[in-house]
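Novice: Mind having a look at this structure? Questions to follow.
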Amino acid sequence: MTTKSLKRKSLGLILLILVQAFAAVFFLSDTFADIWETRALHLNFHSGIELAAALSLALSVAVEIRFLLVMLRRQESMERGLSIASGALHDLMDSYFRQWGLTPSEQDVATFAIKGASIAEIAALRGCAEGTVKAHLNAIYRKSGAAGRGELVSLLIEDLMSQPLVSEPASENAQSPAE
């Protein structure tokens, strides 16, 4: 689901909540006005049902607000994690490219290859012949020690998964495993 469609759904949920909140306020005020007009100290059956329905609607508005806030926090957390992962992958790729001694052209081809582009797509994106892309890929595999695209990608993924992207803050009360 794209961020744009998620924002559209969030806006729709906000509008629904506002309509329901308006309805809840209207029905609660109408019920209390009816009770006030009759000056009844006890509720008749109709007023009781009307009050229960209005309170249920008000409660559902509160639950929907809570749900929306949780959903928005989760979205923010996921976007932050994706940004961190994307940045970490980019930094890791740059580090490997320097370590392998890739030329700028080879770095471009490697980046497109890692993203899953075909040889024809890479050639079209770079404005060069497919043979040139194949030559760059052969040089990349030779310099990296990878046997192919899958191994090249797995080198990066293994390094990303070997350590957390975000270090946990050290706790003063944390116990060491030896304790």
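Novice: Kindly list, by first and then second residue, each pair from a residue in region 66-84 that is part of a helix (DSSP H, G or I) to a residue that is open to solvent by 100 Å² or more (accessible area, probe 1.4 Å), limited to pairs with Cβ atoms under 6 Å and residues at least 6 apart or on different chains.
Specialist: Filtered contacts from region 66-84: no entries.
Novice: Another question, if that's okay. Output the residue which, of all residues in region 65-77 that are surrounded by 12 or more Cβ atoms within 10 Å (Cβ to Cβ) and not aromatic (Phe, Trp, Tyr), is nearest to residue 23 (Cα to Cα).
Specialist: Looking at the filtered set, the residue picked out is 65.
Novice: Assuming residue 137 fulfils every condition listed in (1) at pLDDT 90 or above; (2) surrounded by fewer than 10 Cβ atoms within 10 Å (Cβ to Cβ) apart from one, which condition is it?
Specialist: (2)
Novice: Just to check your reading of the model, which residue among 6, 51, 18 is within 30 Å of residue 112 (Cα to Cα) and either among the charged types (D, E, K, R) or out of contact with any strand residue (DSSP E or B) (no Cβ under 7 Å at 6 or more places or on another chain) (or both)?
Specialist: 6
Novice: Next question. Quick one: which of 40, 21, 62 is open to solvent by less than 40 Å² (accessible area, probe 1.4 Å) and modelled with pLDDT of 85 or more?
Specialist: None of the others qualify; the one that does is 21.
Novice: Sticking with this structure for a sec: Which one of these does residue 112 not meet: (1) free of Cβ contacts under 8 Å to residues at least 12 places away in the same chain; (2) open to solvent by 50 Å² or more (accessible area, probe 1.4 Å); (3) on the phi < 0 side of the Ramachandran plot?
Specialist: (1)
The values are calculated or read from the model by the stated rules, or taken from the named source; none is laboratory data. In this text the structure is predicted, and so the values were computed from the model without any measurement. Counting neighbours? That spans all protein chains shown, and the Cβs are built from the backbone with ideal geometry, glycine included. Surface accessibility is based on the protein's heavy atoms, side chains included, excluding ligands, DNA and RNA. Shrake-Rupley method; radii C 1.70, N 1.55, O 1.52, S 1.80 Å.
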